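The values are calculated or read from the model by the stated rules, or taken from the named source; none is laboratory data. Note that this is a predicted model, so its numbers are computed, not measured. Methodologically, a virtual Cβ is constructed for each residue, glycine included, from the backbone with ideal geometry; neighbour enumeration extends over all protein chains shown.
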Amino acid sequence: MGVLHQMTSGFQRLLTIACTASLALGGALVTGPQAQAQEQKCGGDTFLKEFDTPNENIDVEYAYCVTYENGVYNASGYGRVTDGGGARKVDSFVVRSRLEKNNHTVQSTRCNYTKAINNAETTNIDCDSSGAVGPGSFAGDGEIWVDLEGDGKGGRWYGVEGSAPMS
C-alpha cells in the first residue's frame, strides 16, 4: 500500500503542477464533457448535369448535407463546375442553400459563381447557409440557377436532392 500511495500522491502533485502551469501561462482548465464531434448527413444522389455551352460543355456536380457541430445546424452544399473558362459560358450561375427545420426554411444563402465559372477551368461551388439552433428535424437542400450564354432561353432553377434529416 505504501508504493501505491506514493504513486497516487506523486501523480496528484504532477497533475496539480501541470494545471497550475497551464493556467499561469494563459491556458484554460477544461472540466466536464468534451465538445461534441461534428456530425453530417448528406443526400443520397449527387446532382450531375452537363450543359451545352460555347466551346466545351460545362459539367456540374453537387450535393447537400446538414451538419451539426457545437449545438448549431448548418446546410452545406458541396460541388464543382468543370470545363469552364476560355469563353463566356453562363450569363448567370447561382447556388441557393437552405437550412430547413421540420420542412420549413429557417436560413437561406445565395452564392453567385457567374464570374468564377466564366474565368476558370474548374470552380468549387460550395455554399453554406447560416446556422440555427434548437430542437427539431433539420435538413440541408437547395437549387442551382443556370442561365446559359447565348441560348436565348433565359435561366431556370434546377432542384438538387436534399440531405437526410438530422435531429
Based on this model, can you work out whether Val106 counts as aliphatic (A, V, I, L, M), at pLDDT 95 or above and in contact with a Cys (Cβ under 6 Å, 6 or more places away or on another chain)?
no
Consider Asp141 carefully, then state whether it is acidic (Asp, Glu), under 14 Å from the mean Cα position of the chain (by Cα), surrounded by fewer than 20 Cβ atoms within 10 Å (Cβ to Cβ) and at negative phi.
no
Residues (within 15 Å of Gly159 (Cα to Cα) and either touching a Leu at 6+ places or on another chain (Cβ under 7 Å) or of a type in the set (Lys, Arg) (or both)) located in the range 61-74:
Glu61
Residue among Gly77, Gly84 that is out of contact with any Phe, Trp or Tyr (no Cβ under 7 Å at 6 or more places or on another chain), within 26 Å of Asp59 (Cβ to Cβ) and surrounded by 19 or more Cβ atoms within 10 Å (Cβ to Cβ)
Gly84
Count - residues of the range 42-61 that are under 23 Å from the mean Cα position of the chain (by Cα) and assigned to a loop (DSSP other than H, G, I, E, B)
4
Quick one: in the range 107-138, which of the residues that are surrounded by fewer than 19 Cβ atoms within 10 Å (Cβ to Cβ) and of a type in the set (A, V, I, L, M, F, W, C) is farthest from Asn55 (Cα to Cα)?
Val133
Of all strands (runs of 3 or more DSSP E) completely enclosed by the range 62-119, which ones contain at least 2 residues that are of a type in the set (Val, Ile, Thr) and within 20 Å of Thr46 (Cα to Cα)?
72-82, 90-101
Can you tell me which residue within the range 56-91, out of those that are out of contact with any strand residue (DSSP E or B) (no Cβ under 6 Å at 6 or more places or on another chain) and among the acidic types (Asp, Glu), is farthest from Val106 (Cα to Cα)?
Glu56
